[in-house]
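Only the coordinates and a few stated rules stand behind these numbers; no lab work does. All of these numbers come straight from a predicted model, not from anything done at the bench.
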Amino acid sequence: MRPHERDEALLQDMVVHCREVQEFTRGVGLEQLMRDRRLCLLIERCLEIVGEAASRVSQEFRDAHAQIPWQEIRGLRNVLAHEKRLLEANARTVAVATWQHGDRRQRRGNGAGDRKTPQESQKRRLENKLLNK
């Protein structure tokens with residue numbers, strides 16, 4: 001497989017698993033997510049796959065798409081795969097919940113008081129890039 005074909009396959013894998021996280025969390029509130037261990041584990045596994053795929057994308061492609069926070073994606077994967085015992089259940093749930101499809105602010109609209117933090121904006125840009133929006 002040629003490098004660009006490999007990158008394309010890895011990106012497709014990332015998109016598929018991001019969409020699965022969106023689907024799994026659609027309509028799920030934070031409290032419900034915190035109580036559903038199976039759902040948390042399923043989402044964690046999807047995010048591990050996204051991070052693993054991100055770590056295998058060629059450096060050339062990562063450099064060409066520097067707006068995507070590759071290091072953060074890989075870092076989340078590493079925490080979920082190797083260090084999650086160090087995290088409190090709440091912290092893990094919040095990390096997973098950041099990938100939820102349409103956060104509460106988006107559902108309420110973008111009125112005056114609904115300004116997004118830089119991290120939220122960066123997350124949304126990554127999702128849009130990965131999902132070709």
- Residue separation between Arg37 and Asp63 times 0.36 nm, minus their alpha-carbon distance, gives in nm 5.7 nm
- Message: Give me the extension gain from Glu72 to Arg6: residue separation times 0.36 nm, minus the current Cα-Cα distance, reported in nm with one decimal.
- Response: 21.6 nm
